[in-house]
Structures are given as C-alpha cells and as structure tokens.
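Presented below is the structure to which this report refers.
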C-alpha cells in the first residue's frame, strides 16, 4: 500500500510538471517576435525618431510601434537599438537616455536617464551593458568633450560605472568577454576587459573608426571615415594583423551577411550617387564598382536568413523609405518608414 501511494504521488507530480512545461511552451510569442524592426533616427532637433516594423511574410509595414503598444509618443533621436535576453534597449542620443522595452511586444519596461550624455551604441557581455557616449556638446565650437563608456547594470537598469574614453566614441561590439570600441576621433579601436571593466588595449586601424561587422572567420571589420578619406580595416586576431583598404568617400554603414562570407558597406560620396559595395571576407583589395547605387542612402542591413538587403533612404523633411534588394542587387520593393531610417534588426 505504501509503495502504491508513493507511485500515485509521483504520477501526480509528473502530470503537474508536464502540464506546466506545456503551458510554458504554449505561451504565444509577441507581435514583433518575427520580422524586421526599423530604427528611425529622426531629426536631431525635432526629436521625432521612432521604430517601425516590417513583416516580410505579408509585406506589411507598421509605423510607430512603440506608440501603438504604449499609447504614448516615444520622443527622441534614436541612433541605434540593442536586443538581449528578452529586452530591447532604444538609445536616444538627443534625450541622453535609453528606453527599455520587452523585445517581442515593445511594452515599456524602464528608462535609463541618469549617467548618460549623448549615448550612441551598445554592446552586452558578461551580464553587463556598455554604452558609448559622445559627452558634452559645445554650441560655440560645435564639438563634444569628455567622451566615456557607461557600464550598465542590467538588473536595475542603472549606470554603475563610467570609463573615460577617446574622442568620438561610436560603434561597439562584444566578442567573448572583450568589448571593442570605435574611437572616431583617432585611429584606434579601444578594448575593454569586461572582467575588470578597464581598457586593456588599443588596436591601430585607419583614421576615423566608426562601426563594426564580424565575418565568418572571427575577423573584425571596421568601417572608418575621417571626413577626408574612408577605409575598411580588417582585424585578424589569429595573426594579430590589421589590413586596411581605402574605399569610396563618406562611408556610412556596414553589415555582414548571415554566414559572414560577405561584408556590405555604404558610401555617400559628395555630389555623386550613394553606393552599396560587397566584399568577400578573404578579399585583398576593395571593390571598385558599386553593387547598388541610388540617392540619399542612410541605413543598411542584410537579413541573415535570406540575404535580402535593406537600405534606408532619407527624404529630408519628409518620412523616409526602405528599399529592399535581391542578392544580385536588383530592387525587390520598398515601403514607407519614419524620418532618417538608419538601422535594422532582423528577428526570426
């Protein structure tokens, strides 16, 4: 009888555990779990940036998804966004804040509005967030001073430490427990050890490093632009070698395809059509001919699933347009966006 009771209790416990697992598996995903998030920077002085959503399956575009979900306008100038562990961090450079939302639903979670000053980009590793900040703006000299990296506590959404940085800190990327920081006012990529939260190295690249892409062989590509020349620098960690290629002027954006075999980058040369280039990850020289040409290209992204190319086009005072291109560079279609679409996040 005793063994029967134990077996009966065990069976009940098993049923409860199994039911709980099934309920957990059956929780529906959010409306924005699968598709493309469009980051609309907005005009710096108007703070009219926001976030759109595009569903490739239905070809439907939705504008201002934050307002749709939270019934309020998200006022700001959004340089970028970063998603990690079910949260999306919306980085408002003009408002000196980061708005945190649930990634799949875009429901408001928190605002980080202390300890930031013109935040630009974010990387996450070792349970912490790292945010590049330009620092204090001088309206007389039109320059920024006292740039820094803010170290975020992701449990309570606060800045717990700052690291004084080089001028013009821009793009960031985490590889393992190291954080790589593009210091656009120099020719250096700074390296942070997330175990100590200290700068531990500096890698010399071409002048004006701004943004990163990682290729399929673990090498780091750096898009550089010092307003005179533009370059690509490739950092090979295995050989400790940096190779740089001069490219067309006014380099703007960079993105890798899904397997990292190709790197795409955009340039907006003065008084010339905007251009998208494609370079193989083992290339020894930069391509001379553009893969795609157009007008007023602003943002660039490559869907890692099917390699569809998304290009944000600015339309001045009007809302922007996102143009989708095939892998051969032919235009697929386009859809409306907010002002100055500058980036994309692809979700499966």
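Here, each number is a calculation from the coordinates, and none is a lab measurement. Because the structure is a prediction, the values reported are computed rather than measured. Note that we place each Cβ from the backbone using ideal geometry, even for glycine, and neighbour counts take in every protein chain shown.
Of the residues 77, 284, the one with the fewest other Cβ atoms within 10 Å heads the list, and the complete ranking is 284, 77. Under the simplified labelling scheme, the residue 336-residue 204 pair shows an inter-label distance of 5.2 nm, with each label point 7 Å from Cα along Cα→Cβ. Relative contact order of the chain, taken over Cα pairs closer than 8 Å and 6 or more residues apart, is 11 percent.
What fraction, in whole percent, of alpha-carbon pairs in the chain exceed 37 Å separation? Kindly include the intermediate steps, with their values, before the conclusion.
Numbers: 12102 of 60378 pairs.
Percentage above 37 Å: 20.
For an R0 of 56 angstrom, estimate the FRET efficiency from the Cβ-Cβ distance between residue 239 and residue 72 and round to the nearest 0.05. Write down the numbers at each step before the final one.
Values: r = 51 Å, r/R0 = 0.92.
That pair, residue 239 with residue 72, gives E of 0.60.
Give me the extension gain from residue 29 to residue 196: residue separation times 0.36 nm, minus the current Cα-Cα distance, reported in nm with one decimal.
Gain on stretching residue 29 to residue 196: 56.4 nm.
Take the Cα of residue 102, step 7 Å toward its Cβ, do the same at residue 217, and the gap between the two points is 4.4 nm.
Reducing the range 108-172 and the range 50-95 to their Cα centroids gives an inter-centroid distance of 20 Å. Just rank 96, 82, fewest to most, by other beta-carbon atoms within 10 angstrom. By the 10 Å Cβ count, ascending, the order reads 96, 82. Which of 132, 314, 261 moves the most in a Gaussian network model of the chain with Cα springs under 10 Å? Among 132, 314, 261, the largest GNM mean-square fluctuation belongs to 261. For a modelled paramagnetic label at residue 259, 7 Å from Cα along Cα-to-Cβ, the residues of the range 195-237 in reach, with backbone nitrogen under 15 Å, are 215-218.
Quick check: the angle from helix 2-25's long axis to the longest principal axis of the chain, C-alpha only, nearest 10 degrees? The helix 2-25 is inclined about 30 degrees to the chain. In terms of the Cα gyration tensor, with a ≥ b ≥ c the square roots of its eigenvalues, is the range 59-177 rounded because a/c is under 1.5, prolate because a/b exceeds b/c, or oblate? The shape class here is oblate.
Before anything else, pin down the relative contact order of the range 72-179: Cα pairs under 8 Å, at least 6 apart, normalised by residue count, whole percent. Let's see the in-between values first.
Values: 261 pairs, mean separation 20.4, N = 108.
19 percent.
Calculated mean residue ellipticity, 222 nm, the chain: -3000 deg cm²/dmol, from DSSP H runs (n ≥ 4) at -39500 (n - 2.57) each, averaged per residue and rounded to 500. Counting neighbouring Cβ atoms within 10 Å and putting the fewest first, the residues 165, 158 line up as 158, 165.
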